[in-house]
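Down below is the structure, laid out as structure tokens.
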Amino acid sequence: MHELIGSLIAAGPVLTDGAWGTELMRRGLKKGECPESWNLNHPERVEEVPLRYIESGSRIVLTNTFGANRFILEKHDMGDKVREVNKAGVKISKQAAGDKACVFASIGPSGKLIVMKQVSRDELEDAFTEQAEALADAGADAIVIETMIDITEALAAVAAAKKTGLPVVANMVFDAGKDKDRTMMGNTPEEVAEKLSTAGVDVLGSNCGQGIEGFIPICRRMRTVTDLPLWMKANAGMPEIIKGETVYNATPDQYADVALRLVDAGANFIGGCCGTNPDFIAAMKNRGL
Ligand SMILES: [Zn+2]
């Protein structure tokens, strides 16, 4: 096991952070605006996000680099700024973290689908390599691949991230099938855990897609096929659209109660995805996480 990962989980489960997108919106990010452009234009507002999470108990914070791959940045006319945006994202989170937390750098999906022939696996690996190198050069402690819906894309990102030599965390979304236990492409938690383990990740798991209750069987099933540390970040319940706004209904206390059961199911890293905020992290910390 990678030394950093081993030392983090040695004393029990580790609290990570919560959602970023919604936190940036609370600070003025507009719909359709490129969140990662804020790394260059509003670094002080971006820095408030990891600062608040660390104050609430996060021992790991991510970076505002989820969509900072060339395909997504191109849509915002920033295709030539991949390095700059990723390096700035790491710098901001490191400044907030100091020696209080680790900075795990975020890589999200490309927004292109291999099955629709919008992109090839090699093109994806190239783009993720460009992003991962910039994140590593800026001093990230690890790389977190998250919100992946296609295992082939996730594996391309893993191959790219592993070239940096940093610990690699990889997560997929399970929100399909009648039991919400499949990826969009139909893979089960067991299949995903096996493929990611074989690819050499240091930590694997799931994020986004559904509320925390649904993460318990996913976590338990992944645990049956791997001894690797598991990373779980659920949404704050299922989203409801109220007056055109997406609203998540789970309260921090409800979420934190279930988080304890997630530990029993084998989770080593716990945080939150869409709809969660620093209060969710604080509620989990209050329960001894
Ligand atoms: Zn999410």
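Since every read-out is calculated from the coordinates, none of them should be taken as a lab result. Keep in mind that this is a model prediction, so the values were computed, not measured. A quick note on method: Cβ atoms are made from the backbone with ideal geometry, for glycine too, and the neighbour counts reach across all protein chains shown.
Give the span of the stretch 128-167's Cα atoms along each principal axis, as three whole-Å numbers ordered largest to smallest.
Ordered largest first, the stretch 128-167 gives principal extents of 28, 14, 14 Å.
Averaging over every viewing direction, what projected area does the convex hull of the Cα atoms of the chain cover, in nm²?
13.6 nm²
How large is the convex hull of the Cα atoms of the stretch 11-107 per residue, expressed in Å³ as a whole number?
Value for the stretch 11-107: 91 Å³ per residue.
Along each of its three principal axes, how wide is the spread of alpha-carbon positions in the stretch 149-287, in whole angstrom units, largest first?
Over the stretch 149-287, Cα extents along the principal axes are 42, 33, 28 Å.
Net charge within 11 Å of residue 267 by Cβ-Cβ distance, Lys/Arg positive one each and Asp/Glu negative one each, not counting residue 267 itself? Spell out each step's value before the answer.
Numbers: positive: 220, 223, 233, 261; negative: 264.
Result for the local shell: +3.
Per DSSP H run of n ≥ 4, the term is -39500 (n - 2.57); total these for the chain, divide by its residue number, and report the mean residue ellipticity at 222 nm rounded to 500 deg cm²/dmol. Display every interim value, and only then the final one.
On the way: 12 runs with 125 residues, N = 289.
The helix contribution divided over the chain gives -13000 deg cm²/dmol.
Find out how many positive minus negative residues lie around residue 167, taking Lys and Arg as positive, Asp and Glu as negative, among other residues whose Cβ is under 12 Å from that of residue 167.
-2
Please work out the FRET efficiency for the pair residue 42 and residue 285, using the Cβ-Cβ distance as r and a Förster radius of 45 Å; give the result to the nearest 0.05.
For residue 42 and residue 285, the calculated efficiency is 0.95.
Report the gain in length on full extension from residue 126 to residue 4: 0.36 nm times residue separation, minus Cα-Cα distance, nm rounded to one decimal.
41.3 nm
With just the Cα atoms defining each centre, how far is the stretch 215-230 from the stretch 253-288? Give it in Å.
Going from one Cα centre to the other spans 16 Å.
How many angstrom lie between the Cα centre of the stretch 1-64 and the Cα centre of the stretch 104-136?
The distance from the Cα centre of the stretch 1-64 to that of the stretch 104-136 comes to 21 Å.
If you rank 60, 151, 143 by fewest surrounding Cβ atoms within 10 Å, what's the result?
151, 60, 143
Using each residue's phi in the stretch 228-243, evaluate 6.51 cos²θ - 1.76 cosθ + 1.60 at θ = phi - 60° and report the 3J(HN,Hα) Karplus result to the nearest Hz, with x for Gly and Pro.
Along the stretch 228-243, the couplings run 5, x, 10, 10, 9, 9, 8, 7, 7, x, 7, x, 10, 9, 10, 6 Hz.
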